[in-house]
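For reference, the structure discussed in these notes is given below.
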Amino acid sequence: MEIVLLGATGHVGTYLVPRLVELGHSVTAVSRGHREPYLPHGAWKQVRRISLDREALEAKQSFAKRILSLKPEIVIDLICFNPESARTLVEALKGVVRHYLVCGTIWVHGHSEVVPTTEAQARRPFGEYGIQKEAMERYLLEQAQLHDFPVTVLHPGHIVGCGWAPLNPAGNFNPRFFETLACGEELVLPNLGLETVHHVHADDVAAGFVAALSNWSVSVGESFHLVSPAAVTLRGFAERVSAWFGRKPQLRFMPWDQWKQTVSEQDAAFTWDHIAHSPNCSIEKAKRLLGYSPRYSSLQAVYESVRWLIDHGMLSINTKGDK
């Protein structure tokens, strides 16, 4: 199949492109700049790479035409963030492509009611990112239902993997929180540390996209969660990270209004976004219909990310514990 992959050199694309090439697909990798994927792989030598600025071309109403000129049979869109962008492509791709696969987010759910949250539960997003992604998903699934447009929406959790800092036990992306635990120092967590986060390794997300592609008849017109088998609490997360470094966790808890004063404004904003959502999502639908079977638990995925940071001199600590 001729596959055009939008956002090809990002987190998921780094792992997805080699999977597609190894399956025998012809891949055109579209990205805004000339950044290399996070990890090298020989498969990239067989990929046609094109640089396109989606936002700039959409402003000129020419992005969809450029994608159409690549003559795709399948389009995988990892960088669609709102219904307007989706609508532009859908109108161009109707009657042309066999499958349009789009990356959503578990943020479409907003607050959880019953956990683990399933894809069937009501959408009540908050925050601009979740609101826009939910509107995008709603538009796309309406196109599938009303016009037989062959779309699948896949919702990852907190994506982690080699090459970037993972979401930490305080619910933000400051890697120094890992150093605090590794050194056996006290870590202060907001509230009681019982809010949840739900990671997924980027390669498991890539595997989910391939599974949806390979199971066209049951994936079209549907949305699926792509997360690890289980969410973790902030407290449990911190305790396990301490164990990686042979330390006993030194944890203290503080009410949110006090805790947010102890960190930077940016860290506080990220933490609030994550604990306000406290995602805990089910993968039963993806397992049943797509055969989705993530290789990594949340903690295994984070461990690999932290190990990469250490090996590349981005964290000054040594691991010696288990995963």
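Where a number appears in this text, it was derived from the coordinates with a stated rule and is not lab data. Since we're looking at a predicted model, the values are computed, not measured. Reconstructed Cβ throughout: ideal geometry from the backbone, glycine too, with neighbour counts over all protein chains shown.
Structure notes:
- Whole-number D in µm² s⁻¹ for the chain, Kirkwood Cα-pair radius fed into Stokes-Einstein, 20 °C, 1.002 mPa s: 105
- Summed side-chain charge close to R123 - residues other than R123 whose Cβ falls under 14 Å, Lys, Arg +1, Asp, Glu -1: -2
- Between amide H atoms placed 1.01 Å from N, distances below 5 Å from I159 occur with V200, all of them 5 or more places distant or on a separate chain.
- Neighbour net charge for F149 - beta-carbon separation under 12 angstrom, K R +1, D E -1: 0
- Relative to the longest principal axis of the Cα atoms of the chain, helix 202-214 runs at roughly 30 degrees.
- Over 23 Å between alpha carbons, listed pairs K94/K285; K133/K285; K71/K94: K94/K285
- Kirkwood hydrodynamic radius (C-alpha pairs) into Stokes-Einstein, the stretch 70-109, 10 °C and 1.306 mPa s, D in µm²/s: 145
- Ellipsoid semi-axes for the stretch 48-161, based on the Cα gyration tensor and the rule √(5λ), read 26, 16, 13 Å when sorted largest first.
- Each Lys and Arg Cβ is given +1 and each Asp and Glu Cβ -1; about its Cα centre, the chain then shows a dipole of about 600 debye.
- Amide H contacts under 5 Å for C281: T117, A231, restricted to partners 5 or more places along the chain or on a different chain, H placed in the peptide plane at 1.01 Å from N.
- For the stretch 245-291, the equivalent ellipsoid built from the Cα gyration tensor has semi-axes of 32, 18, 10 Å, listed from largest to smallest.
- C-alpha long axis of helix 11-22 to longest principal axis of the chain, angle in °: 50
- The calculated 222 nm mean residue ellipticity attributable to helices in the chain amounts to -11500 deg cm²/dmol, summing -39500 (n - 2.57) over DSSP H runs of n ≥ 4 and dividing by all residues.
- Cross-link reach list, lysines versus K260, counting only Cα pairs under 27 Å and skipping chain neighbours closer than eight places: K248
- Counting charges near P175 (Lys, Arg +1; Asp, Glu -1) among other residues having Cβ under 15 Å from its Cβ returns a value of -3.
- The modelled label-to-label distance between R32 and L68, using points 7 Å beyond Cα along the C-beta direction, is 2.5 nm.
- Helix axis angle, 298-311 relative to the chain longest principal axis, alpha carbon, degrees: 80
- Stokes-Einstein, applied to the Kirkwood radius of the stretch 216-323 over Cα pairs at a viscosity of 0.692 mPa s and 37 °C, places its translational diffusion at 196 µm² s⁻¹.
- V188 versus S214: modelled label distance in nm, points set 7 Å from Cα along the beta carbon direction: 4.9
- The stretch 80-145-the stretch 282-310 distance, computed between alpha-carbon centres (Å): 22
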